[in-house]
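The values are calculated or read from the model by the stated rules, or taken from the named source; none is laboratory data. Remember, predicted model here, so these are calculated numbers, not experimental data. Cβ atoms come from the backbone with ideal geometry, glycine included; neighbour counts cover every protein chain shown.
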Amino acid sequence: MTKPSPYLIALVLVCVACGGGGSSVTEPGLLYYNNTNVVGSSLIHRIPKEGGTIVDVPGTVAQFESSMDQIYDIYSSDSNGNIVKIVNGVGISLTSSTQDFRPCVNPGGDAIAFVSSRDGNNEIYTMSGTGSGQTNVSNSTANDSFPAISLDGTKVVFTSNRDGNDEVYMVNFNGLNLTRLTNNSADDITPAFSPDGTHVIFESNRGGTYQIYQMDLTGANVTQLTTDATDKFHGSFDVDGLGIYYYTANGTRQVWRCNADGSNPVQLTNGTTDSDKLATWVY
């Protein structure tokens, strides 16, 4: 099974902005997913936490034509290769290098990590919620991709092949304390933090197929969470840490949920094309 391209996976991540008085304008825990395999034409949909009726969020991310009547902040890469924040359908460019993609943001919206090829290869950059302070935090001649940021905005995990194959690394938001978390001859990819910041989940084909694993922030206590033969990608925790969402990539791509220990997998989407992917959470 070919591992996912960093350009197609996690094209869009979302967070909820706060309205007057600092309260969220929508219920936390709605799962969003990307429904396309063509960069630049990504549709966003939402489904209830445990599955059910899929609801379109009107408009395509690429054209910023949203008629949403709630206040969502959507972070995406536009057709010009810049990181864009979209509020109520209006796009605000946060970068201008034309080579930036795959943004992720903490729930507070004040810390963003993304991939940039502005230095000639894919590197992990961080910046503030306004686009200031753009910093290369991976600093490697290899390819670094799939960043995920901790909920408090202090740490970033990502995938790098700097040691010959894809491994998971962690670094502080300011670029200090770069640490290799996995050390395996197989590929370890697409890491994500648990909501409490004590664990990292990732996908690895060390057993033959891509399965979801969990480890401590030191890389210790690696545990395989999923076991069936279907390849699984881009796992992410739900807001309470009790469930993990991922997509399968055998045949048509579908979004699934399992318990945090890998038990009780449930299929949430039933798309007929190779398009359903990127389960992520609104906080």
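Any chance the stretch 146-154 includes a residue that's among the small types (Gly, Ala, Ser) and surrounded by fewer than 18 Cβ atoms within 10 Å (Cβ to Cβ)? No, because not a single residue in the stretch 146-154 is among the small types (Gly, Ala, Ser) and surrounded by fewer than 18 Cβ atoms within 10 Å (Cβ to Cβ). Ser145 meets each of the listed conditions (1) under 18 Å from the mean Cα position of the chain (by Cα); (2) without any contact (Cβ under 8 Å) to a residue 12 or more places away in the chain apart from (2). Go through the stretch 218-237 residue by residue and tally those that are within 11 Å of Glu203 (Cα to Cα) and under 16 Å from the mean Cα position of the chain (by Cα). Of the residues in that region, 5 qualify.
Annotation note: Cβ proximity below 7 Å between a residue of the stretch 122-134 that is surrounded by fewer than 16 Cβ atoms within 10 Å (Cβ to Cβ) and a residue that is aromatic (Phe, Trp, Tyr) and not in a strand (DSSP E or B) (sequence gap 6+ or interchain) occurs for no pair. Looking across Gly243, Gly219, Gly251, one residue alone is at pLDDT below 90 and of a type outside the set (Phe, Trp, Tyr). It is Gly251.
Residue-by-condition table, conditions (1) within 28 Å of Gln99 (Cα to Cα); (2) within 17 Å of the chain's Cα centre (by Cα); (3) aliphatic (A, V, I, L, M); (4) not in a loop (DSSP other than H, G, I, E, B):
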{"position": "Gly131", "(1), (2), (3), (4)": "yes, no, no, no"}
{"position": "Ser138", "(1), (2), (3), (4)": "yes, no, no, no"}
{"position": "Gly153", "(1), (2), (3), (4)": "yes, yes, no, no"}
{"position": "Phe158", "(1), (2), (3), (4)": "yes, yes, no, yes"}
{"position": "Gly197", "(1), (2), (3), (4)": "no, yes, no, no"}
{"position": "Val239", "(1), (2), (3), (4)": "no, yes, yes, no"}
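Does Ser116 satisfy the condition of being crowded, with 21+ Cβ neighbours inside 10 Å and over 19 Å from Phe202 (Cα atoms)? Lay out the reasoning, then the answer.
Working: crowded, with 21+ Cβ neighbours inside 10 Å: yes; over 19 Å from Phe202 (Cα atoms): yes.
Judged against the criteria, Ser116 is a match.
For Val171, the test of being surrounded by fewer than 24 Cβ atoms within 10 Å (Cβ to Cβ), in a strand (DSSP E or B), touching a strand residue (DSSP E or B) at 6+ places or on another chain (Cβ under 9 Å) and at pLDDT 95 or above is passed.
Quick one: is Val156 without any contact (Cβ under 8 Å) to a residue 60 or more places away in the chain and touching a Pro at 6+ places or on another chain (Cβ under 6 Å)? Answer is yes for this residue. Of all residues in the stretch 193-210, those that are over 24 Å from Leu178 (Cα atoms) and buried (at least 23 other Cβ atoms within 10 Å of the Cβ) total 1.
Using the structure shown, decide if Phe193 is of a type in the set (Phe, Trp, Tyr), touching a His at 6+ places or on another chain (Cβ under 8 Å), within 27 Å of Thr230 (Cα to Cα) and touching a residue at least 12 places away in the same chain (Cβ under 8 Å).
Values: of a type in the set (Phe, Trp, Tyr): yes; touching a His at 6+ places or on another chain (Cβ under 8 Å): yes; within 27 Å of Thr230 (Cα to Cα): yes; touching a residue at least 12 places away in the same chain (Cβ under 8 Å): yes.
When the stated conditions are applied, Phe193 passes them.
Are any of the residues in the stretch 178-192 farther than 23 Å from Asp238 by Cα, in a strand (DSSP E or B) and not acidic (Asp, Glu)? Yes, the stretch 178-192 has at least one match.
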